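Participant: Can you read through this structure? Questions will come right after.
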Amino acid sequence: MERTVKDWIVATRPWSFPASTMPVVVTTCMMYYLHDNIDLKQLIPCALTLVMMCLLQASGNLISDYADHVKGVDQKGSLNGVRHIQSGLFQPIEILTIGWCILCFCALLGSALIIWWDLSLFPLGFSGLLLTVFYPFLKYHALGDLDILLCYALLPSVGTAHLIVGRWEWSALLLSLTYGLMTVAILHANNTRDSKSDARVGAVSLAALIGPKTSAFLYTLEVLLPYIILGYAIYAGFAPYFSLLAFVVLPLSVKHARRILKAEPYDALAIADLDQKTAQMQLLFSLLLSLGYLIGIVVG
């Protein structure tokens, strides 16, 4: 079957990239708001980090897709996963090989950035690689949510802040919980939908472990708690009042929470696209949060 460049790009699931790039964007805006004496040249490593996070997620998506196919999680006709392997467009080994190639390139880029900028960031970068490689195993043992929170929220946020100001900024860690919890909610919505079919093949996600009712409650916390954390960040002076713009998304969070709470247990069709809807919500929340910081920078 003939493949195009577009097919290869689609296979990496680029629609999911905001989950990994928003920590870099929001944290960069945050650091420039909190610190007046930052040189604009600090944006260079941030831009490279942005590229690196895209590559890291692309590789993780491909490696995870291969692992899901081998384990039998993504079966033909189910709502699980993506279709580029099941459709025959790509052979499983092709997906795995490209995934590892992208991961190796990401490791080289990250190593160059760390050597050039700050060697103390090595533990963060190495941890990100390990979390990407072992994500399928952790996901099958109810630790995928923690993996995503670390890899696509806490670590990149703290790392980006360190790149900009040259020290650990724990305020960035606090703020990362806002969009980070929403990022975890994307995975949790997916796993809640697929919990029954996942458990059937021995892939025990957190959603499958705690059951549909508790999963719905946990999802609700993940999409509503960020607003409380943001409110505290504004009160503590870590975020400008303009960051209240992100509260525009609150009705959407309530809507999605009500949807999963009302769904019948194991009714996959009722929440079939909730993961994609949550991803869109996380992106909008992050962009509005970043805009609030930018306005705060301009207004002074």
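The values are calculated or read from the model by the stated rules, or taken from the named source; none is laboratory data. Just so you know, these numbers come straight off a predicted model, no measurement behind them. Note: ideal-geometry Cβ built from the backbone for every residue, glycine included; neighbour counts use all protein chains shown. All accessible areas refer to the heavy atoms of the entire protein, side chains included, with ligands and DNA or RNA removed. Shrake-Rupley method; radii C 1.70, N 1.55, O 1.52, S 1.80 Å.
Participant: Working carefully through the options A279, A233, find the one that is within 15 Å of T178 (Cα to Cα) and open to solvent by less than 10 Å² (accessible area, probe 1.4 Å).
Facilitator: A233
Participant: Within the stretch 34-68, restricting attention to residues that are outside any helix (DSSP H, G or I) and modelled with pLDDT under 90, which residue is surrounded by the fewest Cβ atoms within 10 Å (Cβ to Cβ)?
Facilitator: Selected residue: N37.
Participant: Continuing with the same structure: Tally time: how many residues in the stretch 236-269 are of a type outside the set (V, I, T), assigned to a helix (DSSP H, G or I) and exposed (fewer than 14 other Cβ atoms within 10 Å of the Cβ)?
Facilitator: Matching residues across the stretch 236-269 total 7.
Participant: Continuing with this model, one more query. Only residues that are over 19 Å from V165 (Cα atoms), of a type in the set (S, T, Y) and surrounded by 24 or more Cβ atoms within 10 Å (Cβ to Cβ): list them for the stretch 14-33, please.
Facilitator: Listed by number, the list holds a single entry, S20.
Participant: Which of the residues spanning the stretch 21-65 are within 23 Å of E94 (Cβ to Cβ) and not aliphatic (A, V, I, L, M)?
Facilitator: C54, Q57, S59, G60, N61, S64, D65
Participant: Being within 14 Å of the chain's Cα centre (by Cα), of a type outside the set (F, W, Y) and crowded, with 20+ Cβ neighbours inside 10 Å is the filter here; which residues of the stretch 284-300 pass it?
Facilitator: S286
Participant: Please go through (1) open to solvent by less than 40 Å² (accessible area, probe 1.4 Å); (2) modelled with pLDDT under 95 for K213 and return the number of the only condition it doesn't satisfy.
Facilitator: Just one mismatch for K213, condition (1).
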